[in-house]
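Laboratory data are not the source of any read-out in this text; all were calculated from the coordinates shown. Since we're looking at a predicted model, the values are computed, not measured. Please note: Cβ atoms are built from the backbone with ideal geometry, for glycine as well, and neighbour counts cover all protein chains shown.
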2 protein chains.
Amino acid sequence: MYPESIKNLIDSFKCFPGIGEKTAERLAFSVLDLEEEQIKFFSSSLLDVSDKVHKCAKCNTLTDSELCYICSDSTRKSDVLCVVEDSKSVFLFEKFGIFHGKYHVLNGLISPLDGINPEDIGIGKLLDRIHDENFGEIVFAFKPSSEGEITTLYIKRTLENLGIKITQLASGVPIGADMEYLDKLTLERAMNDRKSIE
Amino acid sequence: MYPESIKNLIDSFKCFPGIGEKTAERLAFSVLDLEEEQIKFFSSSLLDVSDKVHKCAKCNTLTDSELCYICSDSTRKSDVLCVVEDSKSVFLFEKFGIFHGKYHVLNGLISPLDGINPEDIGIGKLLDRIHDENFGEIVFAFKPSSEGEITTLYIKRTLENLGIKITQLASGVPIGADMEYLDKLTLERAMNDRKSIE
């Protein structure tokens, strides 16, 4: 009932997670309100991302050059490595400017229930890198979850005798949170990790 | 901080109404999870829509041929014309299969407050068509709003002496609605237009 080109566009939008029929229709019709230049730019951006974006040869962060800009930057601290579960975490930390060392991006987290084992998330490459470079500290920055804990414990154990300081992000009450909406585990962690007021 | 091609894609998604920075980022990263074929299809669908979709020469419904499939269909009832405010309404009626006559798509609705006058929404073309074709009934199917009412009244007045039956969609309580969430105007209309039970 739709003209074929509009139908194809609706089908494309429906490939995205969280976008159903109605939203896809709304987005497809919005395309008709864009300038021709904007549509061309959108179309070529899609092809560019598909053609040019790949993982950094060293740290796996998504990049469109051989090494990502962080690995190429010799002014960054090279003695501390932040291990994250995906490139989005790198971009988030960089947006906020709260970490100035190097990163290593795993291919997700270990999840035995989903059949995801250490070798599936590229831990070998991480360990090789840790052995090659001279890091004084490794920070784990995974989302708080059982998968995050399993992955942290697994890597920590394999690094045990190297004398490297191993840390992870603090858990606790997020700034601005309403106490009544916090889950039990978050509150329990915040209580157990309570700090003396100086 | 993002690779340029990802940044361009995020910027493209941000052109859509209702899509902010975070959603645009999420969608751009979702593109990276699509198959290369899906991305190419998406990219070419965008160009296709831009190149091929235009208004039907007769009724203004969006189409990729000279006349839309409804105007080209000689089996449809040709004595009743449904006037709508945009092509989306046509596709909606067709999806539900609840109207079997012809359509005419205006370029929006008259809105004096926004400086949108009758000539801006293509009423001349509609009137020419009504004079040329032999409609027995014109149905107005605008969204219930003051703009819809102004547009209805304006067209009705110009057609007054032609002896054509003029109707509009019934307003009232939508099926499945919770009474407590209905606005005053809807309830008032439903009360004024109450029907005897047969």
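When only Cα pairs below 8 angstrom with a gap of at least 6 residues are kept, chain B shows a relative contact order of 13 percent.
So, counting K/R as plus one and D/E as minus one, what does the shell of residues with Cβ under 10 Å around B:Cys15 add up to? Local net charge: -2.
Counting only DSSP beta bridges whose two residues both lie in the protein assembly as shown, roughly 20 percent are antiparallel. Of the residues A:Thr63, B:Leu9, A:Phe99, the one whose Cα sits farthest towards the positive end of the charge dipole of the protein assembly as shown is A:Phe99 (charges of +1 on Lys and Arg Cβ, -1 on Asp and Glu Cβ, taken about the Cα centre). Taking the Cα centre of the stretch B:77-168 as origin and assigning +1 to Lys and Arg Cβ atoms and -1 to Asp and Glu Cβ atoms, the resulting dipole is close to 300 debye. 3J(HN,Hα) along the stretch A:72-88, derived from phi through the Karplus expression 6.51 cos²θ - 1.76 cosθ + 1.60 where θ = phi - 60°, amounts to 7, 8, 7, 8, 6, 4, 10, 9, 10, 10, 9, 9, 10, 8, 7, 4, 4 Hz, with x in place of Gly and Pro.
Here the Gaussian network model covers chain B, with springs between Cα atoms less than 10 Å apart; of B:Asp73, B:Asp33, B:Asp64, B:Asp33 fluctuates the most.
If you restrict to DSSP beta bridges whose two residues both lie in chain A, what percentage is antiparallel, to the nearest 5?
Numbers: 3 of 15 bridges.
Antiparallel: roughly 20 percent of the beta bridges in chain A.
The stretch A:166-192 and the stretch A:79-123 have their alpha-carbon centroids 21 Å apart.
The magnitude of the dipole of the protein assembly as shown, with charges of +1 and -1 set on the Cβ of Lys/Arg and Asp/Glu and taken from the Cα centre, is near 440 debye. Put in line by how crowded their Cβ is, counting other Cβ atoms within 10 Å and starting with the fewest, B:Asp51, A:Asp11 read B:Asp51, A:Asp11.
Mind checking the dipole of the stretch A:7-100: about its Cα centre, +1 per Lys or Arg Cβ, -1 per Asp or Glu Cβ, Debye to the nearest 20? Could you put the intermediate results ahead of the total?
On the way: 12 positive and 16 negative charges, 63 e Å.
Using only the charged Cβ atoms, the result is roughly 300 debye.
Mean separation of Cα pairs under 8 Å and 6+ residues apart, divided by the residue count of the stretch A:73-168: what relative contact order is that in percent? Please report the intermediate quantities before stating the final value.
On the way: 119 pairs, mean separation 30.7, N = 96.
RCO, the stretch A:73-168: 32 percent.
Counting Cβ atoms of other protein chains within 10 Å of each Cβ in B:33-45 and taking the mean gives 6. Here the stretch B:77-168 carries DSSP beta bridges of which approximately 10% are antiparallel, counting only pairs with both residues inside. Computed over neighbours whose Cβ is under 15 Å from that of A:Gly101, the net charge equals +1, Lys and Arg +1, Asp and Glu -1. Can you pick out the pairs among A:Lys22/A:Lys52; A:Lys14/B:Lys40; A:Lys55/A:Lys156; A:Lys52/A:Lys88; A:Lys40/A:Lys88 whose Cα atoms lie more than 21 Å from each other? In this structure, A:Lys22/A:Lys52; A:Lys55/A:Lys156; A:Lys40/A:Lys88 exceed 21 Å between Cα atoms. In straight-distance terms, cross-link reach from B:Lys7 covers every one of the aspartates and glutamates whose alpha-carbon lies under 13 Å from its own, apart from those fewer than eight places away in the same chain; here that gives A:Asp48, A:Asp64, B:Glu21, B:Glu25. Computed over neighbours whose Cβ is under 12 Å from that of B:Ala57, the net charge equals +3, Lys and Arg +1, Asp and Glu -1.
Run the numbers on the stretch B:40-121 and let me know its relative contact order in percent, using alpha-carbon pairs under 8 Å that are six or more apart.
Numbers: 96 pairs, mean separation 18.7, N = 82.
Result for the stretch B:40-121 is 23 percent.
How shielded is B:78-90 by partner chains, expressed as the average number of their Cβ atoms within 10 Å of its Cβ atoms? Don't skip to the end; give the middle numbers.
Details: counts 0, 0, 0, 0, 0, 0, 0, 0, 1, 5, 4, 0, 2.
Whole-number average of other-chain Cβ neighbours for B:78-90 is 1.
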